Amino acid sequence: MPKTNQITNINAAALTTLDAEIRAAIAPIAEKYGVEFRRGRGVYGGANGSLKIEISTIGDDGKAITQEAEDYKRYASWHEMDPTALGREFSVGIYRYTIVGLKPKSPKYPVIGRRISDGKEYKFTPSVVKRGMVAV
């Protein structure tokens, strides 16, 4: 007999439902070891699915040290950007962003910026970010 809250199809809604409970369940582990867990990409369909969980250590500033942040420091000069600009603000249109990382395998839009108003992350070209830094 099925449970009343049983998930019978793994889809985006099911992953969203499970995400909140997974975060709550692993929060004590993150606290115990001084790390941060982030949900990565999810794949789903039918009766199966998978979620990637990313783990980051915490820096002296209290923020997670992500792979993208490390890659920014390492590869920013490839894109004629300042490796020390990680965390700096820039503007695009009416929005302000913070540089949070770089994806070296994404040649067209390698720079990752987090919109200050809502925390959403977006990908940018280096030229857009450099122009936006001048405007700030």
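The values are calculated or read from the model by the stated rules, or taken from the named source; none is laboratory data. All of these numbers come straight from a predicted model, not from anything done at the bench. Cβ placement follows ideal geometry from the backbone for every residue including glycine, while neighbour counts extend to all protein chains displayed.
General observations
- Residue match in region 25-35 (condition: touching a Lys or Arg at 6+ places or on another chain (Cβ under 6 Å) and among the basic types (Lys, Arg)): no
- Residues of region 75-118 that turn out to be assigned to a helix (DSSP H, G or I), surrounded by fewer than 20 Cβ atoms within 10 Å (Cβ to Cβ) and either in contact (Cβ under 8 Å) with a residue 24 or more places away in the chain or assigned by TED's automatic domain parsing to the domain that holds residue 57 (or both), as a count: 4
- Any hit, region 49-62, residues being within 21 Å of residue 133 (Cβ to Cβ) and out of contact with any helix residue (DSSP H, G or I) (no Cβ under 6 Å at 6 or more places or on another chain): yes
- Qualifying positions in region 49-67 - out of contact with any Asp or Glu (no Cβ under 9 Å at 6 or more places or on another chain), of a type outside the set (Val, Ile, Thr) and either surrounded by fewer than 17 Cβ atoms within 10 Å (Cβ to Cβ) or within 18 Å of residue 111 (Cα to Cα) (or both): 50, 52, 59, 60, 61, 62
- Boolean, residue 14 is touching a Gly at 6+ places or on another chain (Cβ under 9 Å), over 30 Å from residue 134 (Cα atoms) and outside any strand (DSSP E or B): yes
- Residue check, residue 96 at pLDDT 95 or above and touching an Asp or Glu at 6+ places or on another chain (Cβ under 6 Å): yes
- Within region 102-116, being charged (D, E, K, R) and either within 18 Å of residue 74 (Cβ to Cβ) or touching a helix residue (DSSP H, G or I) at 6+ places or on another chain (Cβ under 7 Å) (or both) holds for 103, 105.
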